[in-house]
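The values are calculated or read from the model by the stated rules, or taken from the named source; none is laboratory data. The structure displayed is predicted, hence computed values, not measured ones. Neighbour counts run over all protein chains shown; Cβ positions are idealised from the backbone, glycine included. SASA here: full protein model, heavy atoms, side chains in, ligands and nucleic acids out. Shrake-Rupley method; radii C 1.70, N 1.55, O 1.52, S 1.80 Å.
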Amino acid sequence: MAVQPGGSPGDFVIPDALPVLPLREAIVFPLTAVPLAVGQPRSVRLVDDVMRGNRLLALVAQRDPKVEPATPADLHRMGTVGVIHQLARVPDGSMRLMVQGIERIRLLDWVGTEPYLVARIEVAREQIVQATEVDALRRAVVDIFRRLVEVSPDLPDELAVATENVTDPRHVAYFIASVVALDMAARQELLELDSVTAKLRRLVDLLQRELAVRELGRKITTDTEERLSKQQREFYLREQLRSIQRELGETEGGDNQVAELRRRIEEARLPEEARRETERELSRLAGIPASSPEHGMIVAYLESMASLPWSKLSGGTIDIRRARQVLDEDHYDLEKIKDRILEYLAVKKLRQERDGRTGQPGAAGAPVPAEPPHVTGDSPAREPILCFVGPPGVGKTSLGQSIARALGRRFVRMSLGGVRDEAEIRGHRRTYIGAMPGRIIQGLRRAETRDPVFMLDEIDKIGADWRGDPSSALLEVLDPAQNHTFVDNYLGVSFDLSQVLFIATANTLDTIPGPLRDRMEILTLSGYTDEEKVGIAREYLIPKQLAAHGLAKEELSFEPDAIRQIVRGHTREAGVRSLEREIATVARKMARRLAEGQRESVLITAENLVEYLGRPRFFDDVAERTTRPGVATGLAWTPTGGDVLFVEVSMMPSTEERLLLTGMLGDVMRESAQAAVSYVWSNAEALDIDPRLFEGKTIHVHVPAGAIPKDGPSAGVTIMTALASLATRRPVRGEAAMTGEITLRGKVLPVGGIKEKVLAAHRAGIRSVILPRRNERDIEDVPEELRKQLRFIFVDDASEVLQHALTPSRAAVDPAAR
C-alpha cells in the first residue's frame, strides 16, 4: 500500500542518465512510496550499484509482464525517478526495497544495456493550472474516494481522512491512484497524462466505475443473506405449525403425504432451479383437496422429481487396465475398436483428474461435481459421443455392456427402432392426462444414478411423422456443449446429462440425419472371418449355450472342423447370431438325449453334424454359375455386411437396339449399366468384338434376387465384364469376383465397403478379387489371414479387368444367349 512520502522532490538532484529498473506488475507514482521485490541477477546488481551512489533509479513498467529479461523495446517511455529508502536482503538472494517516487520522467535514448539498462532521461513535470475547475475536480475525487472506502472492507477509513487533508491536486491524484485496485493499463494512462486536470477527470471515471462494481457486489451479498434468512424463517414456522397440529391431533393424511414428499425432495438434493419448482408445487398441493384430479397430477410430478438421481453417482475412478481386461474377456479380437474405446476412457480419466470430479463408487450421496465447464469461446472441446456401426450380430450392444462393467457403472439401454414421437425423448407436457417424462429421464430414474452408460440402440431406425422428429430432440441430448441443461417437457426444469456416457449403435449411416451424425464419432465394426467365428464360438458362444441348456463341458464338445462346417454350410452372415442359434439347436438336441436317459458324452464332428442340423443350406456355387459366357460375379455392400451378386447378360434379336435392365435396380446402378454397355460397344474392335454384333439386338442385363432392391455404382465393372464375356464367348473365371465403378473411357474408379466385400468373397469361396487400384490402401483393414488366402488384383482400366477376369479360350455359343 502506498504511503505519504517522507521528502519533497526538491531535496534531490536528478542526473541526466539513470539506471532503469523494469517493473512487471507495479507502477510507482511520484510522491508515493511503494515496496518492491527484486530477484533477477541484473536487477540485484543494479540495486547494489545504486546503493553505493545517490540511490536514485528510473522505475519504468513493462508492456508485457511475462517477458523476462526485459529489453528497451519492452518498456514504456514514461516512468518515475525514485529513491531507495530501505533495503532488506532475503536468504534466496533476492531483495526487498522501499522506494519513493520523486518526479515523472521520460526516457530519451539508451546509454547501455549491460550489465543492466541505463537510459538518458528528462524530467516531465505535470501541467498544473491554479483554477476553480481543478479544485472542484479534487473535491469530487476525494468525495468519491470516501464513498468507495465506505463500501470496501479492504480500504481502511484512515485513507479517506488522509486524502481530505491533502490540498495539492497532483498529490491527491497520485495518492488515490496508488491505493485503489486499478489495472496496469489504467495506472500507466494516469501517469502519462500531462495535465493534472486530465488526470483528475480520468480518475473520476475510474473511481465511479469501481464504486458501482463495489455497490453492486454489496447488494448481491445482502440479497443472498436476506434470502437465506427467509428460508430459515419459513422452516422455523413450518416446524412450529407441525408441532401445533400434532398437539391438537389435527394432522391428516394429506399433511403426512406433503411432509413425506418434502422429506424425499430434501434428501434428493435438488439444484436451485428444481428446488424452487418443487417448493411451488408443494405449496399448491397443500391447498388442493385430495379429491381434485389436479392433486394426483401434482403428487405424480413431485414423486418423479424426488425419485430422480439429481446427485447420485455410481462410477468411480476409471481403471484403464481393468477396462482392457473386461473388453478382452467379453469380446474376441476387435483390436482397433478396443483401442479406440480405451483411448476414449483414458481421455475421460484425465479430464476427471484435472477437473477433480471423481465420485465415490456406489455411494448414494456421492459428491456432486461443480457446474460442468461449458464449451464456449476458447474452452476445450468435450469428448465425443461414440457410435458403433456395423451389421447385426457383431457385438455392438455387448460392447456397451462391457464398457459399463469396466467403469463400474449402471447400464441403460433404450431401443430407438420405430420411435416416431418427439415426446418419447423430451417427455409430455404436464397439461396432458397421463403425461410422463421422456425415455431418457425414465432410464436415469431406473438406473438410480446420473452417470450410467446409456446405450441408444438402433439410432438409424428413428422415424418422423406429424408428431415430431425424435432425431431433432436427440441433437441436444448428444451435444456435450448443451446436454448439461437438458429440459424434459414433463419436468419443466433442466437436468444435467453431462455425466452420462452415451453410446449409440446403428447398422447403417445412410438414414441418420447429418446434424445428428456430426455429433458422434463413428466406429465401424465389420463382419468376422470364418476363423474369427470359430474362435468366438469356442471361447464365448459354446460355453454360453452349454450353461443356458444345463450341460457340462464333458457332455458336449465341438471339433474346430465342425464349427467351421456350421459357419460355412449352415450360416451366411457377417455376425454370429445365426451361428449361436445353430449351436443352441445342437445343445437342445443333446439336452433331450440326456433327459431321456442317454448319458454318454458327444463330440460333434464335421461328419456327424448332419445328425443334429441336417444337410448344409449354403454352398459355394460361384464356380458353377459362371461356367457360361455372360455371367460375372460382383461384390456388394449391404447394411448386414458384404454379399456376392451375379450379373447375367444376354442378347436377343430386335427391330432396334435396346437396353433392358431387370432385377429391381436403382437409378445409380442403371446408369452404371448404361455406361458399361456404352464402353463395350464403343471399344468393340479393341476388345476383339465384331461391332455388328450389337446391331438390331436387345441387350438384357439381369441381377438375380429380383425381390431385393439394389443400387450403387460399384457393379459397373461386373456388368462390363459380363457383357464382354458374352460378346467374346469367353467365360469369366469361376474363382474371381470384382467391384468398381467404370467410366465411359474405361477407367476403374474406387468404391467403398472394401473390407465387407472381401469378407463376403471369402465366405462364398472366391479366391481372386479384382479391385480398383486406388482401393489398395483399404486392404490394410482386411484381416491378415484373409490377405494370405486371397489373391488381390488391382486395376486402373477396364482392359486390365478383362485380362484377369476372362478365360483365354472361347466357349461354345448358347443359342439362348444370342
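Taking segment 131-169, which residues are part of a loop (DSSP other than H, G, I, E, B) and more than 55 Å from the chain's Cα centre (by Cα)? Residues satisfying the conditions are Ala131, Asn165, Val166, Thr167, Asp168. Of all the residues in segment 331-359, those that are of a type outside the set (A, V, I, L, M, F, W, C), modelled with pLDDT of 85 or more and surrounded by fewer than 17 Cβ atoms within 10 Å (Cβ to Cβ) number 3.
Among the residues of segment 483-499, those that are in a loop (DSSP other than H, G, I, E, B) and open to solvent by 10 Å² or more (accessible area, probe 1.4 Å) comprise Asn489, Tyr490, Gly492, Asp496, Ser498, Gln499.
Across segment 597-621, the number of residues qualifying as of a type in the set (A, V, I, L, M), closer than 30 Å to Phe646 by Cβ and either open to solvent by less than 50 Å² (accessible area, probe 1.4 Å) or assigned to a loop (DSSP other than H, G, I, E, B) (or both) comes to 3. Per this entry, Gly6 is counted among residues that are open to solvent by 40 Å² or more (accessible area, probe 1.4 Å), in a loop (DSSP other than H, G, I, E, B), modelled with pLDDT under 85 and not hydroxyl-bearing (Ser, Thr, Tyr). The set of residues in segment 655-703 that are open to solvent by 50 Å² or more (accessible area, probe 1.4 Å), at pLDDT below 90 and of a type in the set (Lys, Arg) comprises Arg658, Arg692.
When you check Ala37 against the structure, is it of a type in the set (A, V, I, L, M, F, W, C), out of contact with any helix residue (DSSP H, G or I) (no Cβ under 8 Å at 6 or more places or on another chain) and open to solvent by 40 Å² or more (accessible area, probe 1.4 Å), yes or no? Taking the combined requirement at face value, the residue satisfies it. A Cβ distance below 6 Å, combined with a sequence gap of six or more or placement on separate chains, defines the contacts here; from segment 537-549, residues that are among the aromatic types (Phe, Trp, Tyr) reach no residue that is in a helix (DSSP H, G or I) and open to solvent by 50 Å² or more (accessible area, probe 1.4 Å).
Name the pairs whose Cβ atoms lie under 6 Å apart, with the first residue in segment 594-618 and charged (D, E, K, R), the second assigned to a loop (DSSP other than H, G, I, E, B), and 6 or more positions between them or separate chains? If the second residue must be assigned to a loop (DSSP other than H, G, I, E, B), the pairs left are Arg617/His570.
Return yes or no: is Leu744 at pLDDT 90 or above, part of a strand (DSSP E or B) and in contact with a Phe, Trp or Tyr (Cβ under 7 Å, 6 or more places away or on another chain)? Answer is no for this residue. Residues considered: Arg588, Arg572, Arg568, Arg593. Of these, the only one that is within 30 Å of Val644 (Cα to Cα) and assigned to a helix (DSSP H, G or I) is Arg568.
Each row is one residue, and each column tells you yes or no for (1) closer than 17 Å to Ser314 by Cβ; (2) of a type outside the set (Ser, Thr, Tyr); (3) outside any strand (DSSP E or B); (4) out of contact with any strand residue (DSSP E or B) (no Cβ under 6 Å at 6 or more places or on another chain).
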{"site": "Gly418", "(1), (2), (3), (4)": "no, yes, yes, yes"}
{"site": "Thr431", "(1), (2), (3), (4)": "no, no, yes, yes"}
{"site": "Arg450", "(1), (2), (3), (4)": "yes, yes, yes, yes"}
{"site": "Asp460", "(1), (2), (3), (4)": "no, yes, yes, no"}
{"site": "Ser472", "(1), (2), (3), (4)": "no, no, yes, yes"}
